[in-house]
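Enquirer: Structure incoming, see below.
The values are calculated or read from the model by the stated rules, or taken from the named source; none is laboratory data. Here the structure is a predicted model, which means the values were calculated and not measured. For neighbour counting, all protein chains shown are included, and Cβ atoms are generated from backbone atoms with ideal geometry for every residue, glycine included. Surface accessibility is based on the protein's heavy atoms, side chains included, excluding ligands, DNA and RNA. Shrake-Rupley method; radii C 1.70, N 1.55, O 1.52, S 1.80 Å.
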Amino acid sequence: MATIIRSLIENYRYYIHETSDPRVKDWFLMSSPWPGIALLGFYLYFIYRLGPSLMANRRPFHLDRIMQIYDVIQIILSTYLFYKALVLGWLSDYSFACQPVDYSYSPRAIEIAQTVHLYFVVKIIDLLDTVFFVLRKKDQQVSFLHVYHHTGMVLASWGGVKYLAGGHSTFLGLINSFVHMIMYTHYLVMSLKIAKPWWKKYITQMQLIQFFLILYHFSQLLWREYCGFPRWTAAIFIPQNLFMIVLFGEFYYKAYIKKPKTKTEVTKNGHVKTESLHEKQKTT
């Protein structure tokens, strides 16, 4: 038993400390996985147990102004991340086929790593989406797709900072930040009631395109000549993006292709009233 415990401790030290990027070890939530796991644990506990329990006998909170400020912050952060990803890598010398991580302490390499870390922090901020759902008693929007996506992005981006702060995987952050620029602009416009959201289905289409692009991007690692970026990442991101394509495709079919069920009833004055039973859903 003592040997097993010693082996587990040694493996933990090896994978968490010895194989990780030493440049990021003292950054926010990077020294150990446990604070991040605890944060996600509390997030899941709040949205499934604590939050609904606290809101059971309360009216929904009106958070319009808070959410508008939140949307603006998200737009600014996503735009900044998209800009930095372009300037530091994808508009300069980054290769779309395969790009290794620069683990040096050069100013540019450190700035790239810091940008990847900021992306991770933004994924933590994204968890507030679900908290707002709970506080507004929009329980139908706390779907498996929504929670799985947000939880998975925090875990994946933490690993990205810890081990691969730069290189090939930053294409995911580039595309995702662009999508979030558009998505949170959509939420802000809807909240301010500036226009009717005729473009909503195109945002879901854009999200599906995002997953196809990321799928192809990581698939290249399987047939391209090894460039220094680990191929094992393809074993994670290929199934993950296939799964997201299935989930988002199902959502798109139910929301925009499948004819909604309707309930028809005759009113007292003889008029026929038809009501759609299609649930309103928010894109993720």
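Enquirer: Using alpha-carbon pairs under 8 Å, 6+ residues apart, how would you state the relative contact order of the range 112-196 in percent? Could the numbers behind the result be given before it?
Expert: Details: 39 pairs, mean separation 33.8, N = 85.
With pairs under 8 Å counted, the relative contact order is 40 percent.
Enquirer: Give me the distance between the Cα centres of the range 164-200 and the range 62-92, rounded to whole Å.
Expert: First find each Cα centre; the distance between them is then 8 Å.
Enquirer: On a 0 to 90 degree scale, rounded to 10, what angle separates helix 107-125 from the longest Cα axis of the chain?
Expert: 30
Enquirer: Next up: Which one, I245, L118, H168, projects farthest toward the positive side of the charge dipole computed for the chain from Cβ point charges (K/R +1, D/E -1)?
Expert: Checked the options; the winner is I245.
Enquirer: Of the heavy-atom accessible surface of the range 95-244 (probe 1.4 angstrom), what whole percent is carbon and sulfur? Kindly include the intermediate steps, with their values, before the conclusion.
Expert: Working: 4630 of 6580 Å².
The computed percentage sits at 70.
Enquirer: Test of understanding: in a Gaussian network model of the chain with alpha carbons linked when under 10 Å, which of H62, H168, H186 would top the mean-square fluctuation ranking?
Expert: For the chain, modelled as a Gaussian network with Cα springs under 10 Å, the answer is H62.
Enquirer: Tell me which of P197, L88, V154 sits at the most positive position along the dipole axis of the chain, charges placed on C-beta atoms (Lys, Arg +1; Asp, Glu -1).
Expert: Projecting each Cα onto the dipole axis, the largest value belongs to P197.
Enquirer: Quick one: if you stick a label point 7 Å off each Cα along the C-beta vector at I182 and W223, how many nm between them?
Expert: That separation, rounded to one decimal, is 2.7 nm.
Enquirer: Something else now. Any chance you could check the Cα centroid distance between the range 1-46 and the range 94-121 for me, in angstrom?
Expert: 22
Enquirer: Keeping every protein chain present and rolling a 1.4 Å probe, give me the accessible area per residue for the chain in Å². Before the final figure, lay out each step's value.
Expert: On the way: 16330 Å² over 284 residues.
On a per-residue basis, 58 Å².
Enquirer: State the extension gain, in nm to one decimal, for the chain segment bounded by L155 and Y216, taking 0.36 nm per residue of separation less the distance between their alpha-carbons. Could the numbers behind the result be given before it?
Expert: On the way: separation 61, 0.36 × 61 = 21.96 nm, distance 2.13 nm.
Additional length available on full extension: 19.8 nm.
Enquirer: Continuing with the same structure: Which value, in debye to the nearest 20, describes the size of the charge dipole of the range 158-247 about its Cα centre when Lys and Arg Cβ atoms bear +1, Asp and Glu Cβ atoms bear -1, and nothing else is charged? Intermediate results must be reported in sequence, preceding the final value.
Expert: Numbers: 7 positive and 1 negative charges, 66 e Å.
Taking the Cα centre of the range 158-247 as origin, the dipole is about 320 debye.
Enquirer: With contacts defined as alpha carbon pairs under 8 Å and 6 or more residues apart, what's the relative contact order of the chain in percent?
Expert: Numbers: 262 pairs, mean separation 63.3, N = 284.
Contact order relative to length: 22 percent.
Enquirer: Turning to a different aspect of this structure: With an 8 Å cut-off on Cα pairs and a minimum separation of 6 or more residues, tell me the relative contact order of the range 1-133 in percent.
Expert: Averaging sequence separation for qualifying contacts and normalising by length gives 29 percent for the range 1-133.
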